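Quick notes on the structure that follows.
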Amino acid sequence: MEVTVGTILAYLVTGISSVIAWIAANKWLFPLIKEWWTKRKEDAKIQDERDLNVRKELVEIDNSTDDLYKSRVEWCLKQIATLEEKLDFKQKEIDDFMKELDNLRGIIVNLQTQIMNNKLEINKLQGYCCKNLDCKFRIKCD
């Protein structure tokens with residue numbers, strides 16, 4: 001195998017460029033990659049901390065919301081119980097009112113019966129009176 005000047009030059013250029021590339025990589029490229037990697041890890045850590053804080057806040061909000069809903073539900077249940085008591089009281093009043101109405105209906109029926117009986121009695125008694133307007137309590141005139 002014959003070594004020519006071109007081959008030597010090619011090897012020399014390749015070697016020099018490799019050394020320069022290695023030096024450049026160690027001096028600039030690797031530190032940049034390392035800096036980028038550490039910055040990325042720090043950013044990820046900061047983002048994780050933010051996410052954790054947000055989740056903690058959401059849990060606190062959820063707990064306070066649960067307490068709020070719980071107090072609202074308790075208030076609603078108290079209102080329902082109060083309304084049920086009022087409804088029971090009003091139902092008792094209505095029942096008493098209906099009993100009173102039934103009693104009054106009975107009294108009205110009795111009064112109507114008395115009125116009818118009195119009308120019949122009046123008609124019967126009027127039959128004994130004279131048709132003369134001036135006559136009071138006279139026996140019937142023939």
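Odds and ends about this structure:
- Correct option for volume of the Cα convex hull per residue in Å³ [calculated from the coordinates] among (1) 377; (2) 99; (3) 150: (1)
- Tensor-based shape of segment 1-77 (alpha-carbon gyration tensor, a/c under 1.5 rounded, otherwise prolate or oblate): prolate
- Relative contact order (percent, whole number), the chain, Cα cutoff 8 Å, 6+ residue spacing: 7
- Each part reduced to its alpha carbon centroid, segment 1-28 and segment 64-116 end up 105 Å apart.
- In order through segment 34-44: 3J(HN,Hα) via Karplus (6.51 cos²θ - 1.76 cosθ + 1.60), integer Hz, x for Gly, Pro: 4, 5, 4, 5, 5, 5, 4, 5, 5, 4, 5
- Environment charge of Asp48, counting only residues whose C-beta is closer than 12 Å and scoring Lys/Arg +1, Asp/Glu -1: 0
Every number in this text was worked out from the coordinates using simple rules, so none of it is lab data. A quick note: this is a predicted structure, and the numbers were derived from the prediction, not measured. So basically every Cβ, Gly included, is an ideal-geometry build from the backbone, and we count neighbours across all protein chains shown.
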